[in-house]
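Okay, structure first, notes after.
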Amino acid sequence: MLKLVFCVVLCGVVVSTLAEIENKMDQLSQRLREEMADVWDMAAVNYSEPVINTTYKASVEFDMRAMGPLYNSTHMVIDVIANKQAYPEGNLNLK
């Protein structure tokens with residue numbers, strides 16, 4: 001019987017503590033919102049008007065040869081970082 005009373009009292013203390021923590025967090029959030037309101041007003045973004053040029057023509061040229069050195073050296077970097085056997089024996093079962 002004493003254990004039951006102790007558990008009920010302990011649960012009551014925990015619940016009241018959680019409610020108190022929640023209340024403190026709500027107050028903190030409200031205060032933060034109030035104090036940040038001035039900062040948010042100062043951080044307003046001023047957008048400029050875009051310059052629209054309808055005569056501009058984009059180039060669609062692409063030189064794939066520039067990717068050659070990257071393509072040819074990628075496997076060396078991966079070999080340094082990764083294990084040769086990604087799935088050690090016994091860790092993968094294929095059915």
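Where residues in region 79-95 are among the hydrophobic types (A, V, I, L, M, F, W, C) and part of a loop (DSSP other than H, G, I, E, B), which of them is surrounded by the fewest Cβ atoms within 10 Å (Cβ to Cβ)?
LEU94
Pick out the one residue from MET67, MET76, MET25, MET36 that is modelled with pLDDT of 85 or more and surrounded by 10 or more Cβ atoms within 10 Å (Cβ to Cβ).
Residue meeting the stated conditions: MET25.
The values are calculated or read from the model by the stated rules, or taken from the named source; none is laboratory data. This structure is a prediction, so every number in the text was calculated from the model and none was measured. Positions of Cβ are backbone-derived with ideal geometry, glycine not excepted, and every protein chain shown enters the neighbour counts.
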